[in-house]
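The numbers here are math on the coordinates, done by the rules we state, and not lab data. None of the values given here were measured: they were computed from a predicted structure. Here the Cβ is made from the backbone with ideal geometry for all residues, glycine too, and neighbour counts use every protein chain on show.
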Amino acid sequence: MDYDNLSTYCIYTMRNSEELDYLFNSDRRGAFYENKLWKTGKALFDDAQTHGLKMPILFSAADANSGLIYYGILTSITILETENKTKYSFENLTKITVPKPLSSLYLKSSKKPLSDSYIRPYAICLTPLDLEKWSQTTELLPVPKSRKSGEEHFYYNFKELDFSLKDFWRWTYSDIIGNTVRGVLAEYIVAKALGLTEKVRIEWDAFDLLTEKGLKIEVKSASYIQSWYQKNYSKIRFSIRKTRYWDEYTNIQVQESKRQSDIYVFCLLKHKVQETLNPLDLNQWDFYIMSTSVIDKEIGDSKQITLRKLMSLSPIRSNFGNLKKNIELLEEKLCGNFA
């Protein structure tokens, strides 16, 4: 990050810490909506852009009294007048090594420190002069994930060999019917429907997908036909077990077990003719969408849910063509409940 070309002013806001952790452990870029018109922030951002300066955005956790825990560089601010919302995007999300109190920031208007008990999710502040030092550490940070093309070749003794990453993928992931790869494929299908495939998948993250509005999605898959020998079709069960959140940055796992997402999408490969089974044919899938709060209330600590029990809870049933629309309908409902 170029710390010599930062704007005089920055924006302070807050987001759920798990959302920020997810973006930091991915490609360190993100976009969120805020239920307030950031008109002053927009004007200052545009002015900074005109002068070739970068405007920082600093985050605290909305779910805990954390102090300042991340900062990044704003790349856009869009005022949505009719919705009374602001959409902002940022890059270079950086973890603050030792969280700073909110009073480390000084308000633009009064030049006085921001109160440590400040609860509003928006403030214009002076950019800290020592911002670069806030993230200095001797520890090994998580390795940034970057998208590969598959054309990258293996090397030995500084010479390129005749096999590539694509060859490895073909060798490893060609069995898309087996439980492990089918589960990842289901995640990709849902991500593709929602337009969330720009970020590289994180193997051990607490949830599978994060929407632009900040809702967390868990994707589970099941199939009647497996890649191994079967006497009969498999009975359909989906995993809904509670987990302990693990932070890739700190390598610490919290003690509390819970379901980490806001929404579950259960993906059923419903096709029952082995000779024509093809997980790439999206007509062979059904999708069932449900809020995690319903599962918590109705299922409790159970680790699995059968298809019959799932249907009794009246999930939103969808095909691939309507998957985005149906997930967004539930998302809008949940965002209304959270507001």
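Kirkwood hydrodynamic radius for the range 173-338: how many Å is it when counted over pairs of different Cα atoms?
Values: mean 1/r = 0.0601 Å⁻¹.
Its Kirkwood hydrodynamic radius stands at 16.7 Å.
Taking the mean number of other Cβ atoms within 10 Å as a proxy for protection, how do you rank 285-294, 145-154 from highest to lowest?
On the way: 285-294: 19.2, 145-154: 10.8.
Peptide ranking by packing, descending: 285-294, 145-154.
Report relative contact order for the range 173-338 in percent, whole number only (criteria: Cα-Cα under 8 Å, sequence separation at least 6). List each step's numbers first, then the result.
On the way: 244 pairs, mean separation 34.5, N = 166.
The value is 21 percent.
Once every Cα of the range 249-339 carries one equal point scatterer and solvent is ignored, give the base-10 log of I(q)/I(0) from the Debye formula at q = 0.12 Å⁻¹, two decimals.
Here log10 of I(q) over I(0) equals -0.50.
Working only with C-alpha atoms, what are the Rg and Dmax values of the range 123-205, expressed in angstrom?
Considering the range 123-205 through its Cα atoms, Rg and Dmax are 19.5, 55 Å.
Go through 37-43, 26-32, 230-236 and give me the packing order, highest mean Cβ count within 10 Å leading. Kindly include the intermediate steps, with their values, before the conclusion.
On the way: 37-43: 17.1, 26-32: 18.9, 230-236: 10.1.
With the highest mean Cβ count within 10 Å placed first, the list reads 26-32, 37-43, 230-236.
Apply the Debye scattering formula to the range 26-91, with a single equal point scatterer on each alpha-carbon and no solvent, then give log10 I(q)/I(0) at q = 0.15, 0.26, 0.29 Å⁻¹.
Summing over Cα pairs of the range 26-91 leads to -0.52, -1.20, -1.27.
Kirkwood hydrodynamic radius of the range 74-176 from all distinct Cα pairs, in Å? Numbers along the way, then the final one.
Working: mean 1/r = 0.0524 Å⁻¹.
One decimal place: 19.1 Å for the Kirkwood radius.
If you take the charge dipole of the chain about its Cα centre, with +1 on Lys and Arg Cβ and -1 on Asp and Glu Cβ, which of Ile96, Phe238, Val200 is farthest toward its positive end?
It is Phe238, whose Cα lies furthest towards the positive end.
Given the chain, what whole percent of its Cα pairs are spread farther than 31 Å?
43 percent
Can you tell me the order of 166-179, 94-107 when each peptide is scored by its average per-residue count of other Cβ atoms within 10 angstrom, highest first? The partial results should precede the final answer.
Values: 166-179: 12.6, 94-107: 17.3.
Averaged packing, sorted descending, gives the order 94-107, 166-179.
Looking at the P(r) of the range 3-132, how many percent of alpha-carbon pairs lie beyond 21 Å?
35 percent
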